[in-house]
Amino acid sequence: MNNLQEATEKICELKGNLVALDTLLSAMLSAMSTETRQALLRTFESHAEVARTVLLHAPISELTIAAFEVDVRRMTLLAGGARSPESAA
């Protein structure tokens, strides 16, 4: 039971970390000029492609790769000035 408790606590910690990072990212993007956001988007897209290559050759689950792709799409929309699909609903 202790291992399950520790795993649950770690998952909750990671979720909290993700929410905090999403909040910071949103605030930073709001403060950036259009030109800076466009430059960021170009850099992000190239870094995401490198990450895809690393993920494809790493011993991780398909669920992790799928979650990565969902977040890349969401962050691309956010950086491009569009509302994320979650906020549009």
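The values are calculated or read from the model by the stated rules, or taken from the named source; none is laboratory data. All values reported here derive from a predicted model rather than from experimental measurement. Cβ sites come from the backbone with ideal geometry, for glycine too, and all protein chains shown count toward neighbours.
Scanning the range 70-83 for residues that are modelled with pLDDT of 90 or more and in a loop (DSSP other than H, G, I, E, B) yields a total of 0.
Beta carbons closer than 9 Å, at least 6 apart along the sequence or on distinct chains, pair a first residue in the range 39-52 that is assigned by TED's automatic domain parsing to the domain that holds ALA66 with a second that is surrounded by 12 or more Cβ atoms within 10 Å (Cβ to Cβ) and of a type in the set (Phe, Trp, Tyr) for ALA48/PHE68; ALA51/PHE68; ARG52/PHE68. Every condition in (1) surrounded by fewer than 11 Cβ atoms within 10 Å (Cβ to Cβ); (2) modelled with pLDDT under 95; (3) not hydrophobic (A, V, I, L, M, F, W, C) holds for SER46 except the one numbered (2). Going through the range 55-69 one residue at a time, which ones are in a helix (DSSP H, G or I) and either closer than 19 Å to LEU18 by Cβ or at pLDDT 95 or above (or both)? Within the range 55-69, LEU55, LEU63, THR64, ILE65, ALA66, ALA67, PHE68, GLU69 qualify. SER26 - would you say it is touching a residue at least 40 places away in the same chain (Cβ under 8 Å), in a helix (DSSP H, G or I) and among the polar types (S, T, N, Q)? Considered against the rule, which asks whether it is touching a residue at least 40 places away in the same chain (Cβ under 8 Å), in a helix (DSSP H, G or I) and among the polar types (S, T, N, Q), SER26 comes out as yes.
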